Amino acid sequence: MYIAHQLHRISTNVRFLTGSLLLPEYAAALAERLFLTPPAPRLRQSTFFDFLDARSSFLEYSGRNIATWRGGPRDAPAVLLAHSWGGYAAQMRGFVARLLAEGFRVIAYDQPAHGLSEGKLTGLPDFAGALAAVASQHGKVRHVIAHSLGGVATAIALSRGLSLQSTVLISPPSDLVGYSRQFARWYWMPEPLRCAMQAAIEERFGLRWFELEIPRLAPRLNTPALVIHDRGDGIVPWTQGAAQARAWPGARLLSTEGLGHGLILESDIMIRPAVEFVAGRSGVASVAAPALPHPAPLY
C-alpha cells in the first residue's frame, strides 16, 4: 500500500513538472484541485456516527448538506467544536463530557467535503462560511473550540460578524503561503506553478490569501481567546500559534509539551483548561509558559 501510494505521488509529481512547462493552465487547474481536495480519513465509516449519542441532523450550506451533531439541553448556551483539514467531528469528542458537565449544549459538525458532509473540494473560506452557518442554524452559540485550520476559520467568521463570548484555538496555523510552499515541494511544483495555483484559488473564492491570516485579522478582534499549542508540533510550528497570541488583543497562550499536532486533542492537559476557559474560569497556571519577546498574557 505504501509503495503504491508513493508511486502514485511520483506519477503526479512528474505530471506537474512536465505540465508546468508544456500545459501550464492544465497544470495549475490540476494543482488547484489537488490542494482543495481533503485527504480521505483512515477510519471505519461507522465512527462518524459515534458522537453525541447520534443526535444528528443536516443543514444546507452553499448547496451541500453539512452533517451536525448536538448534545445537552436544547436551550443551553452552546459550544461549537470545529475540526481541522482532513479531520472529522468525532476527533473533538474529548471535550464533550466536560462541556456537558458544565451545563453547555455541545454542537459538532463535519466540515464541507469531510466525513459525512457533502462536497469534493473545499477551502478555508468554505470552513469559515460553514462554521457561521452551523452557529446560525443551532442558535445561542457562545463559544467555539477549534483545531488547526478550524481555528483560522473561526477568526475569519469573527471578522465577518460572528459574535462569541470566547474562543479556544488549538494549534492554529498562521502562514498559509508557507504551507502552500511545503505542499508545492512535496509535489515537485515549480514556484511559478504554485503561484498560478494560489491565484486560481483566490479567484475561486474571491479573496486574497493574506486576508485569511490570523495575524492580519486578529488586531481587529475583541473576542477573548485562548491559544493552545504544543512546542513540539511537527505539522504547525509552535511559533505560529505564539505569533497569533501576540497579535490577538488580550489573547492568552498555553503551551504544552509532547502532544504534537493530533494527540493534543486527546489530552486532558489541554482539554481541562480549554473547557475552564470557556466556562469563565481562567485562573489555572500554564503547564509550559514560554518567555516571548513580545508576550501575550500567559494562561
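Each value in this text was obtained by applying a stated rule to the coordinates, not by laboratory testing. Values in this document were obtained by computation on a predicted structure and should not be read as measured data. For neighbour counting, all protein chains shown are included, and Cβ atoms are generated from backbone atoms with ideal geometry for every residue, glycine included.
Overview of results
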quantity	calculated
Rough spin-label spacing in nm, given labels placed 7 Å along Cα→Cβ, for SER267 and PHE210	3.5
Net charge, GLY103 excluded, C-beta distance under 12 Å - Lys, Arg +1, Asp, Glu -1	+1
Ranked list, fewest to most other Cβ atoms within 10 Å of each Cβ, for THR37, THR256	THR37, THR256
Residue-span extension gain [ALA199 to ARG74] - 0.36 nm each, minus C-alpha spacing	40.7 nm
Residue (of LEU169, TYR187, GLY119) at the positive-pole extreme of the range 77-189, dipole from beta-carbon charges	LEU169
